[in-house]
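The values are calculated or read from the model by the stated rules, or taken from the named source; none is laboratory data. The structure presented is a predicted model; accordingly, all values stated were derived computationally and were not measured. For neighbour counting, all protein chains shown are included, and Cβ atoms are generated from backbone atoms with ideal geometry for every residue, glycine included. Areas reflect the complete protein model, heavy atoms only, side chains present, ligands, DNA and RNA absent. Shrake-Rupley method; radii C 1.70, N 1.55, O 1.52, S 1.80 Å.
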Amino acid sequence: MNEEPIVLAQIGCGYWGPNLLRNFSALSNCRVKYLVDTSAERRAFVERSFSTIKAIADLETVWQDSEVDGVVIVTPAGSHFELARKALQSGKHVFVEKPLATKVAEVDALGVLASERRLIVMAGHTFLYNNAVRYVKGLIDRGELGDIRYIYSQRLNLGRIRSDIDALWNFAPHDVSIIQYWLGDPEPVKISRQSMAYVQPGIDDVVFLNITYPNKVMANIHVSWLDPQKVRKMIVVGSEKMIIYDDVAEDKITVFDKGIDRKAVLGENMDFDKVPPLQFAYRSGDILLPKVDFIEPLRVEAEHFIDCVRTGAKPLTDIAHARGVIAILEQCKSQL
(Lines give C-alpha, C1' and ligand atoms only; values in the text may rest on other atoms or scores of the structure.)
Protein backbone atom coordinates (compact mmCIF):
# COMPACT_ATOMS: atom_id res chain seq x y z
CA MET A 1 0.00 0.00 0.00
CA ASN A 2 1.06 3.61 -0.54
CA GLU A 3 1.54 6.11 2.25
CA GLU A 4 -2.01 7.43 2.11
CA PRO A 5 -3.84 7.03 5.46
CA ILE A 6 -5.50 3.68 6.03
CA VAL A 7 -9.25 4.24 5.88
CA LEU A 8 -11.37 2.50 8.51
CA ALA A 9 -15.00 2.02 9.44
CA GLN A 10 -15.93 1.11 13.00
CA ILE A 11 -19.03 -0.94 13.78
CA GLY A 12 -20.37 -0.36 17.27
CA CYS A 13 -19.90 2.48 19.75
CA GLY A 14 -21.33 1.14 22.99
CA TYR A 15 -19.44 0.61 26.24
CA TRP A 16 -15.98 -0.08 24.79
CA GLY A 17 -16.32 1.38 21.31
CA PRO A 18 -15.46 5.02 22.17
CA ASN A 19 -12.04 3.92 23.50
CA LEU A 20 -11.08 2.27 20.22
CA LEU A 21 -12.59 5.09 18.19
CA ARG A 22 -10.53 7.63 20.13
CA ASN A 23 -7.28 5.75 19.58
CA PHE A 24 -7.76 4.99 15.89
CA SER A 25 -8.89 8.58 15.26
CA ALA A 26 -5.72 9.91 16.90
CA LEU A 27 -3.37 8.09 14.51
CA SER A 28 -1.84 10.25 11.79
CA ASN A 29 -1.62 7.32 9.35
CA CYS A 30 -5.27 6.36 9.76
CA ARG A 31 -8.63 7.95 8.97
CA VAL A 32 -11.89 6.68 10.41
CA LYS A 33 -14.50 7.43 7.76
CA TYR A 34 -17.60 5.78 9.24
CA LEU A 35 -19.04 4.82 12.59
CA VAL A 36 -21.95 2.41 12.21
CA ASP A 37 -24.43 2.00 15.06
CA THR A 38 -28.16 1.28 15.10
CA SER A 39 -28.63 3.59 18.09
CA ALA A 40 -29.47 7.19 17.17
CA GLU A 41 -28.19 8.22 20.60
CA ARG A 42 -24.77 6.67 19.96
CA ARG A 43 -24.58 8.17 16.48
CA ALA A 44 -25.34 11.58 17.95
CA PHE A 45 -22.57 11.08 20.50
CA VAL A 46 -20.07 10.37 17.71
CA GLU A 47 -21.19 13.38 15.70
CA ARG A 48 -20.62 15.61 18.74
CA SER A 49 -17.30 14.06 19.76
CA PHE A 50 -15.72 13.16 16.40
CA SER A 51 -16.78 15.76 13.86
CA THR A 52 -14.83 14.26 10.94
CA ILE A 53 -16.50 10.83 11.21
CA LYS A 54 -19.76 10.02 9.44
CA ALA A 55 -22.14 8.33 11.88
CA ILE A 56 -24.49 6.04 9.97
CA ALA A 57 -26.89 3.16 10.60
CA ASP A 58 -26.47 1.28 7.31
CA LEU A 59 -23.77 -1.42 7.14
CA GLU A 60 -24.18 -1.81 3.40
CA THR A 61 -22.56 1.61 2.90
CA VAL A 62 -19.36 0.24 4.45
CA TRP A 63 -19.36 -3.01 2.49
CA GLN A 64 -19.83 -1.14 -0.80
CA ASP A 65 -17.27 1.62 -0.19
CA SER A 66 -14.04 0.64 -1.95
CA GLU A 67 -12.15 3.40 -0.11
CA VAL A 68 -12.57 1.57 3.21
CA ASP A 69 -9.48 -0.60 3.83
CA GLY A 70 -10.44 -2.10 7.16
CA VAL A 71 -13.28 -2.59 9.61
CA VAL A 72 -13.13 -2.39 13.41
CA ILE A 73 -15.83 -4.52 15.06
CA VAL A 74 -16.86 -3.56 18.60
CA THR A 75 -20.28 -5.18 18.98
CA PRO A 76 -21.74 -7.93 21.24
CA ALA A 77 -19.70 -11.14 21.04
CA GLY A 78 -22.43 -13.14 19.34
CA SER A 79 -22.31 -10.87 16.29
CA HIS A 80 -18.54 -10.89 15.79
CA PHE A 81 -18.31 -13.83 13.42
CA GLU A 82 -20.99 -12.75 10.96
CA LEU A 83 -19.75 -9.18 10.81
CA ALA A 84 -16.12 -10.26 10.39
CA ARG A 85 -17.08 -12.73 7.66
CA LYS A 86 -19.03 -10.08 5.77
CA ALA A 87 -16.14 -7.64 6.06
CA LEU A 88 -13.68 -10.18 4.66
CA GLN A 89 -16.06 -11.07 1.85
CA SER A 90 -16.18 -7.36 1.04
CA GLY A 91 -12.39 -7.21 0.80
CA LYS A 92 -11.77 -5.42 4.12
CA HIS A 93 -9.10 -6.13 6.73
CA VAL A 94 -10.65 -6.85 10.13
CA PHE A 95 -9.99 -5.91 13.75
CA VAL A 96 -12.41 -7.64 16.14
CA GLU A 97 -12.67 -6.86 19.82
CA LYS A 98 -12.27 -9.99 21.96
CA PRO A 99 -13.46 -12.65 21.60
CA LEU A 100 -12.89 -13.02 17.86
CA ALA A 101 -15.78 -15.50 17.72
CA THR A 102 -17.54 -17.95 20.01
CA LYS A 103 -16.61 -21.22 18.26
CA VAL A 104 -13.38 -22.66 16.89
CA ALA A 105 -15.19 -23.54 13.66
CA GLU A 106 -16.02 -19.86 13.20
CA VAL A 107 -12.40 -18.84 13.76
CA ASP A 108 -11.27 -21.43 11.21
CA ALA A 109 -13.79 -20.13 8.66
CA LEU A 110 -12.47 -16.59 9.10
CA GLY A 111 -8.93 -17.90 8.72
CA VAL A 112 -9.77 -19.52 5.38
CA LEU A 113 -11.40 -16.34 4.08
CA ALA A 114 -8.51 -14.15 5.22
CA SER A 115 -5.94 -16.47 3.64
CA GLU A 116 -7.79 -16.68 0.34
CA ARG A 117 -8.12 -12.90 0.10
CA ARG A 118 -4.76 -12.06 1.70
CA LEU A 119 -6.43 -9.95 4.37
CA ILE A 120 -5.47 -9.25 7.99
CA VAL A 121 -7.58 -10.55 10.86
CA MET A 122 -6.57 -9.29 14.29
CA ALA A 123 -8.24 -9.99 17.63
CA GLY A 124 -8.41 -7.28 20.28
CA HIS A 125 -6.59 -9.06 23.08
CA THR A 126 -5.46 -5.71 24.45
CA PHE A 127 -3.31 -6.94 27.34
CA LEU A 128 -0.72 -8.40 24.99
CA TYR A 129 0.05 -4.79 24.06
CA ASN A 130 0.60 -3.87 27.71
CA ASN A 131 4.25 -3.23 28.61
CA ALA A 132 3.86 -4.92 32.01
CA VAL A 133 2.60 -8.13 30.40
CA ARG A 134 5.43 -7.97 27.88
CA TYR A 135 7.96 -7.47 30.68
CA VAL A 136 6.82 -10.71 32.34
CA LYS A 137 7.01 -12.47 28.96
CA GLY A 138 10.63 -11.39 28.64
CA LEU A 139 11.53 -12.76 32.08
CA ILE A 140 9.90 -16.10 31.28
CA ASP A 141 11.52 -16.39 27.85
CA ARG A 142 14.97 -15.61 29.27
CA GLY A 143 14.54 -18.34 31.89
CA GLU A 144 14.89 -15.95 34.83
CA LEU A 145 11.97 -17.56 36.67
CA GLY A 146 13.28 -21.07 36.13
CA ASP A 147 10.71 -23.75 35.31
CA ILE A 148 7.18 -22.34 35.39
CA ARG A 149 5.16 -24.29 37.94
CA TYR A 150 1.80 -22.57 38.05
CA ILE A 151 -0.03 -19.35 37.27
CA TYR A 152 -3.19 -18.06 38.85
CA SER A 153 -5.23 -14.99 38.10
CA GLN A 154 -8.15 -13.05 39.55
CA ARG A 155 -10.29 -10.67 37.48
CA LEU A 156 -13.02 -9.55 39.84
CA ASN A 157 -15.42 -6.63 40.20
CA LEU A 158 -18.89 -5.67 41.37
CA GLY A 159 -20.47 -5.37 37.91
CA ARG A 160 -20.68 -4.69 35.04
CA ILE A 161 -23.24 -7.52 34.62
CA ARG A 162 -23.96 -8.64 31.07
CA SER A 163 -26.97 -10.49 29.68
CA ASP A 164 -25.49 -11.60 26.34
CA ILE A 165 -22.48 -13.50 27.73
CA ASP A 166 -21.43 -14.87 31.12
CA ALA A 167 -18.53 -13.79 33.33
CA LEU A 168 -16.22 -16.34 31.71
CA TRP A 169 -16.65 -15.00 28.16
CA ASN A 170 -16.64 -11.40 29.40
CA PHE A 171 -13.48 -11.51 31.55
CA ALA A 172 -11.52 -14.73 31.00
CA PRO A 173 -10.45 -14.09 27.37
CA HIS A 174 -7.99 -11.58 28.84
CA ASP A 175 -6.44 -14.06 31.28
CA VAL A 176 -6.41 -16.99 28.88
CA SER A 177 -4.79 -14.80 26.22
CA ILE A 178 -2.10 -13.58 28.62
CA ILE A 179 -1.30 -17.06 29.93
CA GLN A 180 -1.17 -18.52 26.42
CA TYR A 181 1.16 -15.66 25.38
CA TRP A 182 3.45 -16.10 28.37
CA LEU A 183 3.73 -19.87 27.83
CA GLY A 184 4.13 -19.74 24.03
CA ASP A 185 0.59 -20.75 22.99
CA PRO A 186 0.76 -24.39 24.18
CA GLU A 187 -2.01 -26.95 23.75
CA PRO A 188 -3.64 -27.66 27.14
CA VAL A 189 -3.67 -31.21 28.47
CA LYS A 190 -6.80 -30.80 30.59
CA ILE A 191 -9.44 -28.12 31.16
CA SER A 192 -12.13 -28.00 33.85
CA ARG A 193 -14.67 -25.41 34.95
CA GLN A 194 -16.71 -24.77 38.07
CA SER A 195 -19.26 -21.95 37.88
CA MET A 196 -22.59 -20.70 39.17
CA ALA A 197 -25.40 -18.37 38.09
CA TYR A 198 -26.96 -16.33 40.89
CA VAL A 199 -28.50 -13.21 39.33
CA GLN A 200 -29.73 -14.37 35.91
CA PRO A 201 -30.71 -17.95 35.07
CA GLY A 202 -28.19 -19.60 32.78
CA ILE A 203 -25.63 -16.77 32.90
CA ASP A 204 -22.80 -17.59 35.29
CA ASP A 205 -21.69 -14.76 37.55
CA VAL A 206 -18.60 -16.48 38.96
CA VAL A 207 -16.29 -18.99 37.27
CA PHE A 208 -13.22 -20.95 38.37
CA LEU A 209 -11.31 -22.26 35.36
CA ASN A 210 -8.48 -24.79 35.73
CA ILE A 211 -6.03 -25.54 32.91
CA THR A 212 -3.26 -28.13 32.94
CA TYR A 213 -0.45 -27.70 30.42
CA PRO A 214 2.44 -29.98 29.43
CA ASN A 215 5.46 -30.16 31.77
CA LYS A 216 3.28 -30.05 34.91
CA VAL A 217 2.32 -26.39 34.43
CA MET A 218 -1.04 -25.46 35.98
CA ALA A 219 -3.19 -22.35 35.62
CA ASN A 220 -6.20 -21.25 37.66
CA ILE A 221 -8.44 -18.39 36.53
CA HIS A 222 -11.06 -16.85 38.83
CA VAL A 223 -13.49 -14.37 37.26
CA SER A 224 -16.55 -12.74 38.81
CA TRP A 225 -18.74 -9.66 38.55
CA LEU A 226 -20.17 -10.27 42.03
CA ASP A 227 -17.08 -9.42 44.06
CA PRO A 228 -16.80 -6.57 46.59
CA GLN A 229 -13.44 -5.37 45.27
CA LYS A 230 -11.83 -4.68 41.91
CA VAL A 231 -8.98 -7.13 41.41
CA ARG A 232 -6.81 -7.54 38.31
CA LYS A 233 -3.97 -9.71 39.56
CA MET A 234 -1.88 -12.55 38.14
CA ILE A 235 0.84 -14.53 39.94
CA VAL A 236 3.50 -16.63 38.22
CA VAL A 237 5.42 -19.15 40.34
CA GLY A 238 8.70 -20.47 38.93
CA SER A 239 11.36 -22.71 40.35
CA GLU A 240 13.79 -19.78 40.68
CA LYS A 241 11.66 -16.64 41.04
CA MET A 242 8.05 -15.56 41.39
CA ILE A 243 6.11 -12.59 39.98
CA ILE A 244 3.00 -10.65 40.90
CA TYR A 245 1.44 -8.64 38.08
CA ASP A 246 -1.18 -6.30 39.53
CA ASP A 247 -2.82 -4.16 36.87
CA VAL A 248 -4.55 -1.82 39.37
CA ALA A 249 -1.46 -1.20 41.55
CA GLU A 250 0.93 1.70 41.08
CA ASP A 251 3.82 -0.77 40.79
CA LYS A 252 2.46 -3.22 38.23
CA ILE A 253 5.23 -5.82 38.57
CA THR A 254 6.86 -7.28 41.69
CA VAL A 255 9.61 -9.90 41.26
CA PHE A 256 10.40 -12.13 44.25
CA ASP A 257 13.71 -13.98 44.42
CA LYS A 258 12.10 -16.71 46.52
CA GLY A 259 11.80 -20.46 46.34
CA ILE A 260 12.33 -23.84 47.92
CA ASP A 261 15.11 -26.18 46.85
CA ARG A 262 15.83 -29.76 47.84
CA LYS A 263 19.16 -30.20 49.60
CA ALA A 264 21.48 -32.96 48.51
CA VAL A 265 21.86 -35.58 51.25
CA LEU A 266 25.32 -37.04 51.77
CA GLY A 267 25.22 -40.73 50.93
CA GLU A 268 26.91 -43.33 48.81
CA ASN A 269 26.27 -41.41 45.58
CA MET A 270 26.60 -37.92 47.13
CA ASP A 271 23.08 -37.10 45.93
CA PHE A 272 19.40 -37.40 46.81
CA ASP A 273 19.73 -41.11 47.50
CA LYS A 274 18.89 -40.83 51.15
CA VAL A 275 15.13 -40.46 51.06
CA PRO A 276 13.55 -40.03 53.59
CA PRO A 277 14.00 -37.69 55.30
CA LEU A 278 14.09 -34.95 52.66
CA GLN A 279 15.78 -31.68 53.46
CA PHE A 280 14.93 -28.32 51.94
CA ALA A 281 16.55 -24.93 51.57
CA TYR A 282 14.22 -21.93 51.72
CA ARG A 283 15.38 -19.00 49.62
CA SER A 284 14.20 -15.49 50.40
CA GLY A 285 16.20 -12.98 48.41
CA ASP A 286 15.59 -9.54 46.96
CA ILE A 287 12.25 -8.07 45.96
CA LEU A 288 12.43 -6.08 42.72
CA LEU A 289 9.97 -3.40 41.62
CA PRO A 290 11.05 -2.79 38.02
CA LYS A 291 10.21 0.47 36.29
CA VAL A 292 7.89 -0.32 33.40
CA ASP A 293 7.02 2.64 31.21
CA PHE A 294 3.30 2.96 30.63
CA ILE A 295 2.00 3.44 27.11
CA GLU A 296 -1.73 3.06 26.60
CA PRO A 297 -2.14 -0.53 25.34
CA LEU A 298 -5.06 0.44 23.11
CA ARG A 299 -2.85 2.96 21.33
CA VAL A 300 -0.13 0.32 20.79
CA GLU A 301 -2.77 -2.14 19.60
CA ALA A 302 -4.28 0.34 17.15
CA GLU A 303 -0.86 1.25 15.75
CA HIS A 304 -0.03 -2.44 15.36
CA PHE A 305 -3.20 -3.14 13.37
CA ILE A 306 -2.55 -0.23 11.00
CA ASP A 307 1.05 -1.35 10.53
CA CYS A 308 -0.06 -4.92 9.74
CA VAL A 309 -2.61 -3.66 7.21
CA ARG A 310 0.03 -1.48 5.56
CA THR A 311 2.87 -4.03 5.50
CA GLY A 312 1.05 -7.38 5.51
CA ALA A 313 2.85 -8.41 8.71
CA LYS A 314 1.28 -11.06 10.95
CA PRO A 315 -0.44 -9.55 14.01
CA LEU A 316 0.69 -10.58 17.46
CA THR A 317 -2.94 -11.45 18.24
CA ASP A 318 -3.62 -13.20 14.96
CA ILE A 319 -6.01 -15.99 13.99
CA ALA A 320 -3.78 -18.65 15.55
CA HIS A 321 -3.60 -16.95 18.94
CA ALA A 322 -7.32 -16.16 18.94
CA ARG A 323 -8.08 -19.77 18.03
CA GLY A 324 -6.16 -21.06 21.05
CA VAL A 325 -8.13 -18.77 23.36
CA ILE A 326 -11.50 -19.70 21.84
CA ALA A 327 -10.66 -23.42 21.95
CA ILE A 328 -10.14 -23.24 25.72
CA LEU A 329 -13.30 -21.22 26.32
CA GLU A 330 -15.40 -23.40 24.02
CA GLN A 331 -14.23 -26.57 25.75
CA CYS A 332 -15.34 -25.04 29.06
CA LYS A 333 -18.75 -24.31 27.58
CA SER A 334 -19.16 -27.95 26.56
CA GLN A 335 -18.85 -28.99 30.22
CA LEU A 336 -22.02 -27.13 31.27
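Here are some notes:
- Net charge of neighbours whose Cβ lies under 9 Å from the Cβ of R232, counting Lys and Arg as +1 and Asp and Glu as -1: +1
- Using C-alpha pairs below 8 Å separated by at least 6 residues, the relative contact order for the chain is 18 percent.
- Axis of helix 319-333 versus longest Cα principal axis of the chain: the two differ by about 70°, to the nearest ten degrees.
- 222 nm mean residue ellipticity, helices alone, for the chain (DSSP H n ≥ 4; -39,500 (n - 2.57); rounded to 500): -10000 deg cm²/dmol
- What a 1.4 Å probe finds exposed on the chain is 51% carbon and sulfur by accessible area, rounded to a whole percent.
- Bridge type composition, the chain - antiparallel percent by DSSP, nearest 5: 60 percent
- Approximate shape of the range 68-142 as ellipsoid semi-axes (Cα gyration tensor, √5λ), whole Å, largest first: 26, 13, 12
- Within a straight-line Cα-Cα reach of under 21 Å, K233 can be paired with the following lysines, leaving aside sequence neighbours fewer than 8 residues apart in one chain: K98, K137, K241, K252, K258, K291.
- Percent of Cα-Cα distances greater than 19 Å, calculated over the range 18-86: 33 percent
- Cα gyration tensor, the chain - rounded (a/c under 1.5), prolate or oblate: prolate
- Semi-axis lengths, largest first, of the ellipsoid equivalent to the range 60-196 are 30, 20, 14 Å, with √(5λ) applied to each eigenvalue of the Cα gyration tensor.
- Scaled to the globular estimate 2.2 N^0.38 Å, the Cα spread of the range 286-336, given as radius of gyration, is 1.71.
- Accessible surface, per residue, of the range 15-62 when the full set of protein chains is kept, probe 1.4 Å, Å²: 54 Å²
- Charges were assigned to the Cβ only: +1 to each Lys and Arg, -1 to each Asp and Glu. The resulting dipole of the chain about its Cα centre is roughly 280 debye.
- Computed extension gain for A281 through D185, at 0.36 nm per residue and net of the alpha carbon distance, reaches 31.3 nm.
- Furthest towards positive pole of dipole, V62, I253, V199, structure part the chain, Cβ charges: V199
- With a Förster radius of 22 Å applied to the C-beta separation of M196 and W16, the computed FRET efficiency comes to 0.25.
- Cross-link partners of K103 among aspartates and glutamates, defined as those whose alpha carbon lies under 16 angstrom from its own and excluding same-chain residues fewer than eight positions apart: E82, D164, D166, D318, E330.
- Among T311, T317, the order of accessible area from largest down is T311, T317, computed with a 1.4 Å probe on protein heavy atoms.
- When restricted to Cα atoms, the range 166-209 yields an Rg and a Dmax of 12.3, 37 Å, respectively.
- Degrees, to the nearest 10: 17-26 long Cα axis against longest axis of the chain: 80 degrees
- FRET efficiency estimate (nearest 0.05) - Cβ-Cβ, K314 to R85, R0 22 angstrom: 0.60
- Folded to 0 to 90 degrees: helix 297-311 orientation relative to the chain principal axis, Cα: 60 degrees
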